[in-house]
Amino acid sequence: MKRRLTALAAVAALSLTLLSGCWRQEGNPTPTPTPNPSESVSPVEKTKVNVAMLNGPTGMGAAKLMSDAEAGNTELDYAFNVFTANDQVTAALANGEVDIAAIATNVAANYYNKTNGSVQLAAINTYGVLKILQGGEEATIDSLDDLAGETLYATGKGANPEFVLNYLLDENGLDPETDVDIQWVTPEEVTQALLSGKTRFAMLPVPAATAAMAKSQGAVKLALDLNEVWDEVAPEGKLTMGCVVVRAEFAEKNPEAVRTFLKEYEASIDYMSDPNNEALSGFLNPAQLLEQYGLVPSAAIGVKALPQANLTFVSGAEDLRNAIQGYYEVLYAANPASIGGGIPDDGFYFE
């Protein structure tokens, strides 16, 4: 009988223990872990954008954006390439390697006309960068008409520089074919001719003009800024030499990505143009960025070239048309083939 009571007591004790455990579980439930949002939500994927820049002024404004992209501090996933010639850029556009590209403004119009509108003008990024330089201790010209009877070494035959120079000479009463002996050679040959004294006058774009003056140690000086000469004689609109285009197919599929690029690109141009940033060190210094990304030969040249590069930012269909129409009219009158046989229609401008 005693064994039976003992067994019953054990069973009762076990039942009380189980009931007590159940009560604790129901009355004081163990907290359920809350998922961490950073672990469960995938990051938003950035739109991939392939961008081509030209070295020199046409690409200078993008240097800060290139740095930000490398650091991962941009809204889009950029892949930048720097080219040395317009035809390299148009080839990359043609095969779809790049979505957005900086090129000369006449090349943009030419490519648009020849490819049935496969690109659109998204921004103007550079005004005139052509300089007339003079060797010797004393300046002897105050205007282009002073070049009558002189020899001028120049670079850019068949492109913007030739059309601009011919137009401005004509507007100043000179025939480019007979009144000035223009020797069309490479930038390196122009610089060598100046430094050796082979020629007294030359036309070069920035930063080649900047480098030539620096190498001469004061023997070569700036005589005329053709941007200023243009403003004196040309129709409405600026001397717009550099621009950014976007593949029309990419723009149609990714209009917001293009607008985001333009926003970030404008901020980059503002940064590169701000004189207050010249004293910054390392990767924050604009001139250092230009050297780092191969946009100028050296930071020393970059420091002097930036104030002469005439960086700007113009976007929006109406503003773009107003800024560049007069320039295209001049190019068309000089040589219709320079812009592909006709002034671009309204479809050329990205809104």
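The values are calculated or read from the model by the stated rules, or taken from the named source; none is laboratory data. Keep in mind that what you see is a predicted model, and the values were worked out from it rather than measured. As a convention, Cβ positions derive from the backbone with ideal geometry for all residues, glycine included, and neighbour counts pool all protein chains shown. Note: accessible area is taken over every heavy atom of the protein model, side chains too, but ligands, DNA and RNA are not part of it. Shrake-Rupley method; radii C 1.70, N 1.55, O 1.52, S 1.80 Å.
Please verify whether segment 281-298 includes one or more residues that are under 22 Å from K221 (Cα atoms) and surrounded by fewer than 18 Cβ atoms within 10 Å (Cβ to Cβ). Yes, the conditions are met somewhere in segment 281-298.
Of the residues making up segment 293-351, just one is of a type in the set (D, E) and in contact with a helix residue (DSSP H, G or I) (Cβ under 7 Å, 6 or more places away or on another chain), namely E351. With the structure loaded, tell me whether A214 is open to solvent by 30 Å² or more (accessible area, probe 1.4 Å) and in a helix (DSSP H, G or I) or whether it fails that test. When the stated conditions are applied, A214 passes them. Examine segment 155-176 for a residue that is free of Cβ contacts under 8 Å to residues at least 24 places away in the same chain, of a type in the set (S, T, N, Q) and either within 30 Å of A300 (Cβ to Cβ) or in a loop (DSSP other than H, G, I, E, B) (or both), and state whether such a residue exists. No, segment 155-176 contains no residue that is free of Cβ contacts under 8 Å to residues at least 24 places away in the same chain, of a type in the set (S, T, N, Q) and either within 30 Å of A300 (Cβ to Cβ) or in a loop (DSSP other than H, G, I, E, B) (or both).
Would you point out the residue of segment 240-262, among those that are open to solvent by 50 Å² or more (accessible area, probe 1.4 Å) and without any contact (Cβ under 8 Å) to a residue 24 or more places away in the chain, that is nearest to L130 (Cα to Cα)? Per the criteria, the residue is R259. Of the residues making up segment 218-248, those that are part of a loop (DSSP other than H, G, I, E, B) and either among the charged types (D, E, K, R) or modelled with pLDDT of 90 or more (or both) number 4. Quick one: L226 ticks every box in (1) under 30 Å from N73 (Cα atoms); (2) open to solvent by less than 10 Å² (accessible area, probe 1.4 Å) except a single one, so which number is it? So L226 meets the others, but not (1).
Yes/no per residue for (1) crowded, with 19+ Cβ neighbours inside 10 Å; (2) farther than 18 Å from Y328 by Cα; (3) within 26 Å of the chain's Cα centre (by Cα):
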{"position": "V129", "(1), (2), (3)": "yes, no, yes"}
{"position": "D142", "(1), (2), (3)": "no, yes, no"}
{"position": "L169", "(1), (2), (3)": "yes, no, no"}
{"position": "E188", "(1), (2), (3)": "no, yes, yes"}
{"position": "L194", "(1), (2), (3)": "yes, yes, no"}
{"position": "G197", "(1), (2), (3)": "no, yes, no"}
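Restrict the check to segment 49-68 and report whether at least one residue is in contact (Cβ under 8 Å) with a residue 60 or more places away in the chain, part of a helix (DSSP H, G or I), open to solvent by 10 Å² or more (accessible area, probe 1.4 Å) and hydrophobic (A, V, I, L, M, F, W, C). There is at least one residue in segment 49-68 that is in contact (Cβ under 8 Å) with a residue 60 or more places away in the chain, part of a helix (DSSP H, G or I), open to solvent by 10 Å² or more (accessible area, probe 1.4 Å) and hydrophobic (A, V, I, L, M, F, W, C). One residue stands out among those in segment 299-319 that are open to solvent by 30 Å² or more (accessible area, probe 1.4 Å) and without any contact (Cβ under 8 Å) to a residue 40 or more places away in the chain: the one that is nearest to D225 (Cα to Cα), which is P307.
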